[in-house]
Amino acid sequence: MYRLITAAGLLLLLSGCSSSANWGWYVIDPGTERGWINIRFLLSGFTNTILLSVIAAVLSMALGLMVALPGLSPSRGWRWVNRIYVEFIRSIPLLPMLFWVFYGLPVVLKSVGIKVSIDPFWGAIITLALADSAFTAEIYRAGIESIAKGQREAAQTIGLNRHQTMRYVILPQAIRRILPPLANQFIYIVKMSAFASVIGMQELTRRANELVVTEYRPLELYSFLILEYLVLVLVISQGVRWLERRMKVNER
């Protein structure tokens with residue numbers, strides 16, 4: 001199915017390059033110098049998109065785990081800390097949060113004597129990591145709670161404390177269960193990284209926007225942009241499926 005979708009997209013682009021003058025596929029025709037230059041310009045956004053998404057995903061998973069653990073605590077106070085953070089972060093749309101981090105956070109830090117300038121790259125990373133951490137925390141919490149109580153009891157019988165039980169017994173099993181939803185969150189981050197274009201981040205969407213301004217062919221260029229994201233997401237999905245198969249083999 002994935003191959004069929006990708007082949008259909010490529011066929012659309014290639015067939016459009018030789019269509020009537022009503023279409024402007026010539027702007028991304030690899031057979032012409034102008035088209036090839038435009039394609040290279042569009043593809044140059046891949047590096048920043050991937051780098052931005054990977055760093056944000058790693059930070060989100062680390063922060064999400066830190067937020068999830070208090071939610072599993074027997075203390076009501078710690079559980080409230082978890083709920084307040086999750087509900088607050090999940091309630092904020094990504095775009096206003098991005099504006100606040102990029103424009104507002106330096107002002108807040110300056111008011112307490114910390115002068116810092118946030119560039120678009122790190123502003124987007126901080127925003128994506130924060131926004132996704134609430135969802136990641138819930139994934140961790142659900143995965144950890146799905147482990148049978150007998151696993152904890154068995155760990156205690158061999159002398160493991162609470163920290164050791166979580167590290168060596170619970171988390172390794174939970175990770176296998178939450179890998180698919182974590183992969184979905186990574187795909188979500190990849191797609192949401194497009195919002196970084198509004199603060200000047202030179203990623204895939206920003207490249208397409210800049211070319212639209214000069215070429216005046218939004219249909220063709222945004223179609224190519226969609227194809228770029230499609231290929232990127234399909235590659236990630238295949239990688240996750242390979243990882244799932246490897247983990248199943250190791251488990252057996």
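A compact table of results
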quantity: Tabulated pairs, the range 104-122, first under 27 Å from THR49 (Cβ atoms), second of a type in the set (Val, Ile, Thr) and surrounded by fewer than 13 Cβ atoms within 10 Å (Cβ to Cβ), C-beta under 8 angstrom, 6+ apart or interchain; calculated: PRO106/VAL116
quantity: Selection count, the range 188-220, where residues are of a type in the set (A, V, I, L, M, F, W, C), surrounded by 17 or more Cβ atoms within 10 Å (Cβ to Cβ) and over 23 Å from the mean Cα position of the chain (by Cα); calculated: 2
quantity: Of residues in the range 136-174 being modelled with pLDDT of 80 or more and of a type in the set (Asp, Glu), the one surrounded by the fewest Cβ atoms within 10 Å (Cβ to Cβ); calculated: GLU145
quantity: Selection count where residues are part of a helix (DSSP H, G or I), modelled with pLDDT under 90 and more than 17 Å from ALA56 (Cα to Cα), scope the range 183-217; calculated: 1
quantity: Top-ranked residue of the range 96-128 - restricted to ones that are small (Gly, Ala, Ser) and surrounded by 14 or more Cβ atoms within 10 Å (Cβ to Cβ), ranked as nearest to THR205 (Cα to Cα); calculated: ALA124
quantity: Every pair of residues 6+ apart whose Cβ atoms lie under 9 Å, when the first sits in the range 58-82 and is assigned to a helix (DSSP H, G or I) while the second is loosely packed, with under 14 Cβ neighbours inside 10 Å and of a type in the set (Lys, Arg); calculated: GLY71/ARG83
quantity: Matching residues in the range 157-182 - criterion: being in a helix (DSSP H, G or I), farther than 14 Å from ALA137 by Cα and not basic (Lys, Arg); calculated: THR157, HIS163, GLN164, THR165, MET166, TYR168, VAL169, ILE170, PRO172, GLN173, PRO180
quantity: Given (1) at pLDDT 95 or above; (2) more than 19 Å from PHE195 (Cα to Cα), index of the condition LEU69 fails; calculated: (1)
quantity: The lone exception for ILE226 - which of (1) in a helix (DSSP H, G or I); (2) over 23 Å from VAL58 (Cβ atoms); (3) assigned by TED's automatic domain parsing to the domain that holds PHE88 it fails; calculated: (3)
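The values are calculated or read from the model by the stated rules, or taken from the named source; none is laboratory data. As the structure is a computational prediction, the values presented were derived from the model and not from experiment. Cβ coordinates were reconstructed from backbone atoms using ideal geometry, including for glycine residues, and neighbour counts include every protein chain displayed.
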